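The values are calculated or read from the model by the stated rules, or taken from the named source; none is laboratory data. Keep in mind that what you see is a predicted model, and the values were worked out from it rather than measured. Every residue, glycine among them, receives a Cβ derived from its backbone with ideal geometry; neighbour counts consider all protein chains shown.
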Amino acid sequence: MSALDRALATAAERLRATSPTPRLDAEVLMAAALGIGRDRLLLDPPSGPPPARFAEMFERRLAGEPVAYITGRRDFWNIELEVGPGVLIPRPDSETLIAAAVEHFAGTPGPKRILDLGTGPGTLLLAALDQWPTATGLGIDFSPNALAYADRNARRLGLADRAELRVGDWADGIEESFDLVLANPPYVARDAVLGAGVTEFEPAEALFAGDDGLDAYRKLAPQLSRLILRGGLAAIEIGFDQADSAAAVLAKSGLSSRLAHDLGGRSRALLVTSA
């Protein structure tokens with residue numbers, strides 16, 4: 001067994017108490033420490049001992065810090081995003097919104113104008129702009145820190161000339177309508193128990209939305225109808241147990257919606273169309 005293999009085995013064993021994916025975490029951190037991809041680590045690992053940086057990264061993970069904050073990167077859809085403290089880490093579940101949009105616009109040139117409410121590090125906006133190369137978009141977030149990450153991501157991905165980023169409170173003050181509206185608002189109830197490392201490290205304002213987790217939907221619902229162009233789509237992320245409650249909030253504003261499921265078969269988004 002090589003020195004790298006021994007280090008990975010030891011790290012994975014020690015992470016079992018704090019991570020549901022100990023071996024994966026160890027491999028991702030080792031690859032980042034070495035400055036290579038995880039595929040290279042597994043298929044053609046370099047010789048020699050692990051770099052000193054790995055020990056520091058491992059200790060951070062052992063203390064519960066999310067892997068994405070430690071590596072500074074997170075894959076989402078077809079892009080890689082820079083992330084760090086103060087921004088919500090993109091989750092694979094949120095790809096449900098992009099997949100729903102791809103289905104909605106199939107057979108067409110795609111959306112021309114895209115709005116991402118609560119864009120964070122640019123997650124949904126930049127994935128959509130990468131998906132539709134002729135589209136332009138607007139990303140709104142209340143956090144200047146999050147928008148700084150979004151700006152760096154847009155520039156690194158070559159999308160800065162098509163992505164406008166603006167500090168704002170959801171859609172307040174926006175008079176334009178869009179072909180595609182995307183939103184991943186906070187939707188966790190105030191007293192909910194989340195996975196290890198989430199509450200401790202990720203921004204509470206991007207997670208929690210009042211006693212029942214529906215406050216952001218109450219803010220968004222009255223704004224949606226004026227934001228969606230005819231033939232357009234709004235895709236709003238929800239918690240796995242919020243299909244009925246979030247849809248009821250939209251219905252109070254006269255909006256009918258249908259449900260989209262993530263790859264695990266769980267309720268993950270409400271889709272609103274404009275005829």
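Within segment 239-265, the residues that satisfy the criterion of being of a type outside the set (Gly, Ala, Ser) and touching a residue at least 60 places away in the same chain (Cβ under 8 Å) are 261, 262, 263.
For segment 73-165, the strands (runs of 3 or more DSSP E) that sit wholly inside it and include 2 or more residues that are surrounded by 15 or more Cβ atoms within 10 Å (Cβ to Cβ) and among the β-branched types (Val, Ile, Thr) are 136-141. Scan segment 182-235 for residues that are within 26 Å of residue 114 (Cα to Cα) and more than 20 Å from the chain's Cα centre (by Cα) and the total you get is 14.
Which of the residues that make up segment 1-43 are small (Gly, Ala, Ser) and either under 21 Å from residue 66 (Cβ atoms) or surrounded by 14 or more Cβ atoms within 10 Å (Cβ to Cβ) (or both)? Listed by number, the residues that qualify are 7, 11, 12, 17, 19, 26, 31, 32, 33, 35, 37. Check whether at least one residue in segment 208-219 is over 28 Å from residue 70 (Cβ atoms), buried (at least 21 other Cβ atoms within 10 Å of the Cβ) and not small (Gly, Ala, Ser), and report yes or no. Within segment 208-219, one or more residues are over 28 Å from residue 70 (Cβ atoms), buried (at least 21 other Cβ atoms within 10 Å of the Cβ) and not small (Gly, Ala, Ser). The single condition among (1) at pLDDT below 95; (2) farther than 19 Å from residue 145 by Cα that residue 178 does not satisfy is (1). If the condition is being in a helix (DSSP H, G or I) and among the charged types (D, E, K, R), then segment 216-241 contributes 218, 219, 226. Would you point out the residue of segment 199-215, among those that are in contact with a Leu (Cβ under 9 Å, 6 or more places away or on another chain) and assigned to a loop (DSSP other than H, G, I, E, B), that is nearest to residue 185 (Cα to Cα)? Restricting to residues being in contact with a Leu (Cβ under 9 Å, 6 or more places away or on another chain) and assigned to a loop (DSSP other than H, G, I, E, B), the top hit is 207.
Scanning segment 11-25 for residues that are in contact with a Ser or Thr (Cβ under 8 Å, 6 or more places away or on another chain), within 26 Å of residue 184 (Cβ to Cβ), acidic (Asp, Glu) and assigned to a helix (DSSP H, G or I) turns up at least one hit.
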